[in-house]
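Just below is one structure, and these are the notes that go with it.
The values are calculated or read from the model by the stated rules, or taken from the named source; none is laboratory data. Just so you know, these numbers come straight off a predicted model, no measurement behind them. So basically every Cβ, Gly included, is an ideal-geometry build from the backbone, and we count neighbours across all protein chains shown. Please note that ligands, DNA and RNA were not included when accessible areas were found on the heavy atoms of the full protein model with its side chains. Shrake-Rupley method; radii C 1.70, N 1.55, O 1.52, S 1.80 Å.
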Amino acid sequence: TIDQLVSWVNQGERHRTLLGATGTGKTFTMANVIAKTNKPTLILSHNKTLAAQLFEEMRVLFPHNAVSYFVSYYDYYQPEAYIPQRDIYIEKDASRNDDLDRLRLKATSSLISRDDVIIVSSVSCIYGLGSPDSYQNRIISISSGQTINRRELLLELTEMQYKRNDVEFVRGSFRVRGDVIEIFPAYEQFGIRVEFFGDTVERIELIHPVSGESLATENDAFIFPAVHYVMPQEGLNRACKAIREELKMQVIRLKNEGKLLEAQRILARTNYDLEMIEEIGYCGGIENYARHLENREEGSRPYCLLDYFSHIPNRNPEDWLLFIDESHATIPQVRAMYNGDQARKRTLVEHGFRLPSALDNRPLMFDEFESLVPQTIYVSATPGPYELEKCEGVI
């Protein structure tokens, strides 16, 4: 089975199905195909628990690869919604998991810097993520003996959403003590200590974030942004201008339809959000303005994890592999995400809770997903009609 799958992948076949009953070693077969074809790989699963199990298994089977786990970073998530029949507005409520956030950032930083990447993901991979180009352009490279303006380095860290915290050394923060800057990358479990002599980097150490003890000495360090959405100030100013234009048009439209309450509501909410963005660079629900922040066309798809696979160093953008685990359940889930999201947001837009551009902060449509994925192997004990129709061969 392994040899047959490997030869199919090497011949450039687009769709294949691996059929196997539960417990017959499908994960082991997948791991062998990855090892023999040596391609960056995304394994897509339909729930977090199964994804976590696959992640643990792959981490043991590939101790030297960059094996990452990419799922939604919420432990609990109540999306923003409105029920017109009962005039009930439900505010977004969520509880973020710090470890899952770190693992997501680790996944994208690995894709930008290495080509031996294996990512196990849930359908979270088809949801909007910041532009890979903006993310890549913000990476800071520090080398021993390099001359760096200390003040500029601190400003760059702040623009990458690292927060200065001289008291508590937490993930996504940095602290300054005399000639020493200590940075705790948002995607790591250790800190980076950079010692300066004037403007020259004298020493780079990896340190324990609690005790501060030195774990290793490095010649180079690369620091990736603390969040996926990284926006320079001029980009924010342009986005705010575009949001104001859209607000003006939407208020006129609602008033023409006789929806005066809705027009007043959208005006108050959006002006408050704009004020927050201009003052602190952020607001609650900023993802609803993603289209303006990323300077995208109306109706265009958002960037997502799949786009980061085309930025792997020394690789053709198409040269990666997708396994869809339990494909009979995962494919319908990927297909269903778009319509449910749009129905909820359309109600919010019609009743003056969000601007129409919020509809462009969405998961991928199924045809967009199909256009982005490369060679795909569907893995299931009971393949669905979609897989059997797509595949020239089942093994």
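In the chain, the calculated helix contribution to ellipticity at 222 nm averages -12500 deg cm²/dmol per residue, counting -39,500 (n - 2.57) for every DSSP H run with n ≥ 4. Give me the percent relative contact order of the chain, please, defined on Cα pairs under 8 angstrom at least 6 residues apart. Once divided by the residue count of the chain, the mean separation gives 24 percent. Taking amide H atoms as placed 1.01 Å from N in the peptide plane, the amide H of Gln146 lies under 5 Å from those of Val201, each 5 or more residues away in sequence or on another chain. For the range 217-231, the Karplus equation 6.51 cos²θ - 1.76 cosθ + 1.60, evaluated at θ = phi - 60°, returns couplings of 10, 10, 8, 9, 9, 10, 10, 9, x, 7, 9, 7, 8, 10, 10 Hz by residue, with Gly and Pro reported as x. Checking [x] 23.3, 67; [y] 21.8, 70; [z] 27.8, 78 against the coordinates, the calculated Rg and Dmax of the Cα atoms in Å falls under label [x]. Put simply, when 2-12, 189-199 are sorted by average Cβ atoms within 10 angstrom per residue, most first, you get 189-199, 2-12.
For the range 234-344, carbon and sulfur atoms together expose 52% of the accessible surface, with a 1.4 angstrom probe and every protein chain in place. When the Karplus curve 6.51 cos²θ - 1.76 cosθ + 1.60 is applied with θ = phi - 60°, which whole-Hz ³J(HN,Hα) does each residue of the range 193-201 get, with x for Gly and Pro? The phi angles translate into 9, 10, 9, 10, 10, x, 9, 9, 6 Hz. Placing unit charges on each Cβ (+1 for Lys and Arg, -1 for Asp and Glu) gives the chain a dipole about its Cα centre, and among Tyr386, Ile266, Tyr69 the Cα reaching farthest toward its positive end belongs to Ile266.
Annotation: per residue accessible area for the range 6-115 equals 50 Å², rounded to a whole number [probe 1.4 Å, protein chains only]. Each Lys and Arg contributes +1 and each Asp and Glu -1, all at the Cβ; summed about the Cα centre of the chain, the dipole is approximately 760 debye.
Residues whose amide H lies under 5 Å from that of Ser173, counting only those 5 or more places away or on a different chain, are Lys163, Phe184; hydrogens are built 1.01 Å from N in the peptide plane. From most to least packed by mean Cβ count within 10 Å, the peptides 97-103, 223-229 give 223-229, 97-103. About the centre of its Cα atoms, the range 191-248 shows a dipole size close to 540 debye [charges on the beta carbon of Lys, Arg (+1) and Asp, Glu (-1) only; nearest 20 debye].
Between the amide H of Ile207 and those of Gly191, Ile192, Arg193, Leu215, distances stay under 5 Å, these residues lying 5 or more places away or on another chain, with hydrogens modeled in the peptide plane.
Simple rule: put +1 on each Lys or Arg Cβ and -1 on each Asp or Glu Cβ in the chain, find the dipole, and look at Ile148, Gly23, Ser110; the Cα lying farthest toward the positive end is Gly23. Accessible area per residue for the range 134-213 is 51 Å², calculated with a 1.4 Å probe on protein heavy atoms, without ligands, DNA or RNA.
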